Amino acid sequence: MTQDQSNDQAGQNDADFQLSDADQAAVDAYFEDGHSEIQDADDRSMLVQRLMRLLDTPIPDDGQRDVRIDVADLRAQNSHETQLTASSASSVDDWMEGQKTITQRDSVHAELAGMVITGAEYSQQERDSLVNRTMAMLQDDIDQTEKRYIMDLPISPGGRFRLADLVSLAATLLLVASVAIPVMNGVRDRSMRAICLDNMATTGQAFGNYAGSNRDALPMATAGFGSSGGSTWMDVGTTPDRSNSSNLFVLIRTNHATLEDLACPTNPDALVSVDPTDKQDWRSLDEISYSYRIMPYGGIRVHDADHPVRMVVLADRSPVIRRIVAGQKVRPEENTPNHNGTGQHVLGLDGSSVWHRDPVLDQGDNLWLPRSVERALYDARDRAGIIQGNELPSGPNDAFVAP
């Protein structure tokens, strides 16, 4: 680089640094007074005086040259950390410990410390700008730290998804879904079953309370159904003498149970909010969640010696009756529509409830069929409409529930 280029570069660097008007005035005042002390000077003028005295400090002899930071050593170290000489470090330690300044080196350190403590004067706008820049730097550092913990999607160096990346991501999502979805469904199903079981227990207590107030009889809205005369118990929502579900609805009309007690949570059409005061029955099969034992003529008494304690009184709604009403083929081994077809709760005369994975009980009795037609239906399972609606259980041990 030529001399002219050096001078131009120096001039350019000097132009980058300008004193404020107040600082320039303080420097001018110092030189106008002939480098003398300015009496009653303000803080800025005092700072200029101290700075000029530092500039006038004579260079120490060879025996004391270690009072300054060796610039040549710093340049040789290049990017290494700047360090004080041993003598300068000792002098700084003495000053920090409050010892009396007795050497020229100590005086220089005291002057420098005074400048640091005094500091530059900033306007409110400059101070706010400095605070904002500092906070922005801190936030940027926080953002950079957080990015290290964010999982990046596998993207090729060209910035595009490769087929292998897409397949890998899809496989990961499928694996998570294959594990998480069954677990969540299983938890939900168990929760629904627990609510349904609680409904069964509540209804069992309602049966007992009703029987205690009605001469030991189970709820019944009519005299019962017979096998002659063309009477039926399938016509839900008509009259009590043509709908067995109206017998169960008696618990609701007499306030021994509520619609919520008789609504399985797995039945999306269950009736839960209609005022039952002037009602005698549900309006359709879809609104019914539980199937009640077919009431024979004269009804059933709880403590009848001929009735076993495990005689079936109530169960999750029958799928067979719905198929017959819809004109579909009957499947006698089909589980209730409740609980996703995984099984059904069965309530006994003693108030206990048992979960059955299929509708055929331990003694081979089918929940949905009277014994008189069970065998015939097994022989002709492809026929539809084999039940006419006037069949009755063949005896106390014949579990037969409908709508």
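The values are calculated or read from the model by the stated rules, or taken from the named source; none is laboratory data. Everything numeric here is computed off the predicted structure, so don't read it as measured data. Note that we place each Cβ from the backbone using ideal geometry, even for glycine, and neighbour counts take in every protein chain shown.
Odds and ends about this structure:
- Odd one out for PRO268, checked against (1) buried (at least 18 other Cβ atoms within 10 Å of the Cβ); (2) under 23 Å from HIS356 (Cβ atoms): (1)
- Test for GLU334: is it over 34 Å from the mean Cα position of the chain (by Cα) and assigned to a helix (DSSP H, G or I): no
- Residue within segment 217-240 that is in contact (Cβ under 8 Å) with a residue 12 or more places away in the chain, among the hydrophobic types (A, V, I, L, M, F, W, C) and surrounded by fewer than 19 Cβ atoms within 10 Å (Cβ to Cβ) present: yes
- Residue check, SER284 buried (at least 21 other Cβ atoms within 10 Å of the Cβ) and within 24 Å of ILE324 (Cα to Cα): no
Residues checked against (1) assigned by TED's automatic domain parsing to the domain that holds SER352; (2) among the aromatic types (Phe, Trp, Tyr); (3) modelled with pLDDT of 80 or more; (4) not in a helix (DSSP H, G or I):
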| residue | (1), (2), (3), (4) |
| --- | --- |
| LEU130 | no, no, no, no |
| ASP143 | no, no, no, no |
| GLU146 | no, no, no, no |
| PRO154 | no, no, no, yes |
| ASP165 | no, no, no, no |
| ASP189 | no, no, yes, no |
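- Complete set of residues in segment 266-292 that are acidic (Asp, Glu) and either within 19 Å of VAL313 (Cα to Cα) or not in a loop (DSSP other than H, G, I, E, B) (or both): ASP281, ASP286, GLU287
- Tabulated pairs, segment 331-346, first of a type in the set (Ser, Thr, Tyr), second crowded, with 20+ Cβ neighbours inside 10 Å, C-beta under 8 angstrom, 6+ apart or interchain: THR336/ALA315; THR336/ASP316; THR336/ARG317; THR336/SER318; THR336/PRO319; THR336/GLN344; THR336/PRO359; THR342/ASN335
- Only one entry in VAL309, VAL302 is surrounded by fewer than 16 Cβ atoms within 10 Å (Cβ to Cβ), assigned by TED's automatic domain parsing to the domain that holds TRP233 and of a type outside the set (Ser, Thr, Tyr), namely VAL309.
- Residues of segment 319-369 that are polar (S, T, N, Q) and surrounded by fewer than 18 Cβ atoms within 10 Å (Cβ to Cβ): GLN328, ASN340, THR342, SER352, GLN363.
- Taking segment 210-226 as the range and being assigned to a helix (DSSP H, G or I) and in contact with a Leu (Cβ under 9 Å, 6 or more places away or on another chain) as the test, the residues that pass are TYR210, ALA211.
- Pairs where the first residue, in segment 271-288, is within 15 Å of ASN338 (Cβ to Cβ) and the second is basic (Lys, Arg), C-beta under 9 Å, 6+ apart: LEU271/ARG283; LEU285/ARG317; LEU285/ARG322; ASP286/ARG322; ILE288/ARG317
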